[in-house]
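The values are calculated or read from the model by the stated rules, or taken from the named source; none is laboratory data. Not measured: the values here are computed from a predicted model. As a convention, Cβ positions derive from the backbone with ideal geometry for all residues, glycine included, and neighbour counts pool all protein chains shown. Surface accessibility is based on the protein's heavy atoms, side chains included, excluding ligands, DNA and RNA. Shrake-Rupley method; radii C 1.70, N 1.55, O 1.52, S 1.80 Å.
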Amino acid sequence: MVLAFSESELAGVRRLVDRAQANGIRGVRLLDEAGVRCLEPATGPGVSGALAAETGAICDPYEVALRAAEQASLHGATFRFNERVVRIQHLDAAAAAALDEDGDPQGPLGGRRRPLRYLLETSAGVRYAARAVVNAAGVFADELNNAVSEQKLHVVPRRGEYCLYDVDFGGMFEHTMFQAPSVAGKGVLVTPTVHGNLLVGPNAVEQVSKDDLSTSIDGLHDVLERARATWPGAGGSGIIANFAGLRAANADGSDFVIGEPGDAPGFFNIACFDSPGLSSTPAVARFVASAIAERLNAQENRAFDPCMMRIVPFSEIGESERASRIAHDARWGRIVCRCCEVTEAEIVEALHGPLPVHSLDALKWRTRAMMGRCHAGFCSPEIVKIVARELDTTPERIDKRLPGSPMVASSRFDYPRLARVEARAYLDRSARNAPCNAPFDVAVVGGGAAGIAAARAAAEHGARTVLIDRETRLGGILKQCVHDGFGLHRFGVELTGPEYASREADALAASDVEVLRDATVTALDVSRCDLSDPLLVHVVDGCGARAIAARAAVLATGSRERGLGALNVAGSRPSGVFSAGSAQNFMNLQGCLPGRRAVVLGSGDIGLIMARRMVSQGAEVVGVYELMSRPSGLRRNVVQCLEDFDIPLHLNRTVVRLEGEGRLSAVCIAQVDPETLQPVPGTEERVACDTLLVSIGLLPENEVAKTAGVTLDGVTGGARVDSRLSTDVPGVFACGNALHVHDLVDHASAEGERAGSFAAAFALGEKDAQRSATVPVEAGAGVRYVVPQEIDVASGRGESLALSLRVAQAVREPRFVVEAIDQVGRCRTIKRAKTMVAVPAEMVQIGLSASDAAGSVSVRVRVESGEMESNARVPRAAPPREGGA
Amino acid sequence: MQIATDIASFTCICCPLGCEVEVSFDEQGGVADIAGHSCKRGAKYAANEAVRPERTITAVLPVAGCLEPVSVKTAGAVPKVLVRDVLRAIAGLRLEAPVHAGQRLLGDVCGTGVDVVATKSVF
């Protein structure tokens, strides 16, 4: 669809429609404003009409190129990667004959072949003599052409910048939405992608460098600004990545340059392919191929098979097809990239495909692994392990994209061998893993602290319980949190993360809970006819894909880290940028050193703890940079992780730009206006580093909840629950970081216990366990959110409950007031409570009895009096503090 | 003439209040006075930090024959001034799989009387 936003643009669009009809293009028509809105309701208010081309479609450009290349490879083409053509010369007849065995009249082919014409030399020092050369060198095509022809070309690199949105936004538009070309430019497009993301861009900025693929702050700003005409929602929220490409624009005209220059027979240009390059490609390729055939007197290869079987990705197939693939190879049952549901089998397959995989990005584009909303935070450590073992290399030799973009600074020499040992152990285990088909009372999804506690509590309540976890060892993220400070509330001693996890896992092992390890829950089906019928938990593991029936489910799916993509930072996309948690995984679970000189963005606890870990391991940490006016982690960590190791903490700063073509070489840091939280122009400073650790908050992970249709809370990011931790889907409960991000794991365990017992009560059909009359709980003045969002006053009569809340801003000596509001709007104070101080980083709990709220229509919690701290503003979408000590 | 009293200040870590606590020293280097705290825990914390600050140290170590490194800790707190020495001593350990959680890997590290123990099992 091509949108018009004014009368003159509409006239232009009308001309396009006329031209399309004159050219005999079917399905092109003019829409008025109402017509546009009918098809695309999210379109901006300024739209006045549009061209609609029903035959238009989109593809995955990478897959088009890859499949064509694979096709060529399978039919005998040789590919040489990482070899730049550094010289090309015409061969004179004598030189050609000297090089040419086949062309020799006395040679085996008797001179039927056409002569060798060109000699190419590459950066690898290799020379190639060729009868024909196709110049498809993009922005470098002019240099090659000009070396052999007097018909000079001049290519101008014209940068186009894009912002890529999360799949949550993919459904915003059904069509590719162009803007009418005008004197002001071509406009930017907003389009869904074949993978369900939403893509916004590009702009068109001419630049000198042919190598620099970095985005600019101004360019990204401009793209979003212009996209807002089409989609008013275009902004920072929901972006997972930005990137730039270079069009090879023709400086001496606007057209493509195709075919042989008059003075260079056998040299075929496919040059100056500005827009629409990809769409033109098939026709241009056929045209050039036949010209080459004619020049070389070549015959058509009748054995050429134009078809390739596409193996349908795991994410696109149904449960029975999944099961049969897993029966064939257990690695189909191991989902490595959870965001895009990519299995180990698919990754291994891609690594051994017709064309070599030279970087993690190449793997990403082939399989979609690491392309999702977690910004590879969860899966990249695991994928590096698979690549290392399959290609027999070490993580320090695995590139992210270009040569010289290693994933980590150092890793152990015997890494690939030990990774193979681990992989064999997985296959042995999955063969032994007996399927569990029995119907359960309670299924707990997630084996972290909250999930383990929930499963134990449910079993203690007498429910037949199954705990399903994607990993081999229980404990969730605790396994990599090797620092201490856990368990003071729950066990009365300070423990490290692995110790806390193993205490919980040991207690679980002594219970009646059945544990399903290495198993991923892909969906929760709640479409049962009757509430007494079971839910279906869809599980994938090494022994199959199946549905497990349970009367109730507890979602303890944890949280994920906010990635750097969310900040839409400009610059290049080098290696060396880690979420703090994935760096922690590389260090603490794989023994790799992520980098040697690190900058930490965000002062969340994981970032502070990782700063100390890096220094303890011999790396340098230049500093921790925090957007807000105060550190967001625990003070204990500021003192013991930063001050003890002389690591500077800089407040009101953020990263605005990344530098480095291969590995990160520097970040640009800007001061931030404490009021608007926007970077202050002109304050940028360049800080050299090879590593950026991003610790900017956690987000509840609720993909399984979404499949069940659970309503999520806009502030917490978790499910909306009542005082029994029941979501609005009967029989589905939530707890832990999946419900709201906790400050201490001890609290997540306690919440898990409550969820487990309530789920058991529901499953066993206990009287009063069904959800009935509820009263909403509102966050009043000074309160950012309250969990639960509803109090069940009827069934939970007399039940004690805990309101968990976070304040909107730091306050000294706050008084918390819980009020019940009746039908005529009268307020009755039902509870008053205090703390010495409250900060957004720390959760506050207020005990209450459900019966206190009886007779009211709503309950409100607000902060009264107290002295607000002036320099502690909190943005509306403040990232929640991370868990752990 | 007045003889100035030595002081040191510490940000208390006991609660989010984060009091700036000032400790005054007597002539022998002991604590003479504490000011700026809001509770007893804060006073105790500052006195400890002023005279004998201690830390529990955690680290990870490679283990021969196993990809996953083992995590370790000092079984108790050690003097803060020895943190880097203890880390160095831990880094000097050479371990072979299997290692069991709770296993003593190093006794009396750096003369502190404190052991270094594994906090997870690897095999």
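Okay, here's what the table says:
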item	result
Filtered residues of the range A:472-513 (kept if open to solvent by 70 Å² or more (accessible area, probe 1.4 Å), outside any helix (DSSP H, G or I) and over 18 Å from B:THR119 (Cβ atoms))	A:ALA510, A:ASP512
Segments classed as strands (runs of 3 or more DSSP E), wholly inside the range B:1-96, with at least 3 members that are open to solvent by less than 70 Å² (accessible area, probe 1.4 Å) and not aliphatic (A, V, I, L, M)	B:66-74
Test: A:TRP332 is of a type in the set (Phe, Trp, Tyr), touching a Leu at 6+ places or on another chain (Cβ under 8 Å) and either open to solvent by 60 Å² or more (accessible area, probe 1.4 Å) or under 26 Å from A:LEU516 (Cα atoms) (or both)	no
Criterion: open to solvent by 30 Å² or more (accessible area, probe 1.4 Å) and away from chain B (no Cβ under 14 Å) - qualifying residue of A:ARG456, A:ARG417	A:ARG456
Residue in the range A:613-627 that is assigned to a helix (DSSP H, G or I) and under 26 Å from A:ILE383 (Cβ atoms) present	yes
Some residue of the range A:95-107 being of a type outside the set (Phe, Trp, Tyr) and at pLDDT 95 or above	no
Every residue from the range A:467-520 that is under 27 Å from the mean Cα position of the chain (by Cα), more than 14 Å from chain B (Cβ to nearest Cβ) and among the hydroxyl-bearing types (Ser, Thr, Tyr)	A:THR520
Residue in the range A:294-311 that is surrounded by 14 or more Cβ atoms within 10 Å (Cβ to Cβ), among the small types (Gly, Ala, Ser) and outside any loop (DSSP other than H, G, I, E, B) present	no
Residue that is farthest from A:PHE586 (Cα to Cα), among those in the range A:363-386 that are open to solvent by 10 Å² or more (accessible area, probe 1.4 Å), free of Cβ contacts under 8 Å to residues at least 60 places away in the same chain and assigned to a helix (DSSP H, G or I)	A:THR367
For A:PRO788: the one exception among (1) under 29 Å from A:VAL729 (Cα atoms); (2) open to solvent by 10 Å² or more (accessible area, probe 1.4 Å)	(2)
Unique residue being in contact with a helix residue (DSSP H, G or I) (Cβ under 7 Å, 6 or more places away or on another chain) and either over 30 Å from A:SER237 (Cα atoms) or modelled with pLDDT of 95 or more (or both) when the list is A:VAL148, A:VAL134, A:VAL156	A:VAL134
Filter pass, A:ARG247 being closer than 20 Å to A:LEU66 by Cα, among the charged types (D, E, K, R) and crowded, with 20+ Cβ neighbours inside 10 Å	yes
Matching residues, the range A:604-628, being within 14 Å of chain B (Cβ to nearest Cβ) and at pLDDT below 95	A:ASP605, A:SER616, A:GLN617, A:GLY618
Residue within the range B:89-106 that is of a type in the set (S, T, N, Q), in contact with a Leu (Cβ under 8 Å, 6 or more places away or on another chain) and at pLDDT 95 or above present	no
Scope the range A:797-821; condition open to solvent by 20 Å² or more (accessible area, probe 1.4 Å), within 14 Å of chain B (Cβ to nearest Cβ) and within 38 Å of the chain's Cα centre (by Cα); matching residues	A:GLN809
Total residues in the range B:104-123, condition surrounded by 15 or more Cβ atoms within 10 Å (Cβ to Cβ) and more than 12 Å from every other protein chain (Cβ to nearest Cβ)	8
Filtered residues of the range A:203-239 (kept if open to solvent by less than 20 Å² (accessible area, probe 1.4 Å) and in contact (Cβ under 8 Å) with a residue 24 or more places away in the chain)	A:ASN203, A:SER214, A:THR215, A:GLY219, A:LEU220, A:VAL223, A:LEU224, A:ALA227, A:THR230, A:TRP231, A:ALA234, A:ILE239
Some residue of the range A:390-402 being touching a residue at least 60 places away in the same chain (Cβ under 8 Å), more than 30 Å from A:SER532 (Cβ to Cβ) and over 24 Å from the mean Cα position of the chain (by Cα)	no
Complete set of residues in the range B:1-35 that are within 14 Å of another protein chain (Cβ to nearest Cβ) and hydroxyl-bearing (Ser, Thr, Tyr)	B:SER9, B:THR11
The listed residue being under 20 Å from A:GLY485 (Cβ atoms), within 14 Å of another protein chain (Cβ to nearest Cβ) and of a type in the set (Lys, Arg), out of B:ARG84, B:ARG88, B:ARG55	B:ARG55
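Table: residues versus (1) farther than 28 Å from A:GLU9 by Cβ; (2) in contact with a Lys or Arg (Cβ under 7 Å, 6 or more places away or on another chain).
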position: A:VAL188; (1), (2): no, yes
position: A:VAL194; (1), (2): yes, no
position: A:VAL200; (1), (2): no, no
position: A:VAL205; (1), (2): no, yes
position: A:LEU213; (1), (2): yes, no
position: A:GLU225; (1), (2): no, no
position: A:THR230; (1), (2): no, no
position: A:ILE239; (1), (2): no, no
position: A:ALA244; (1), (2): no, yes
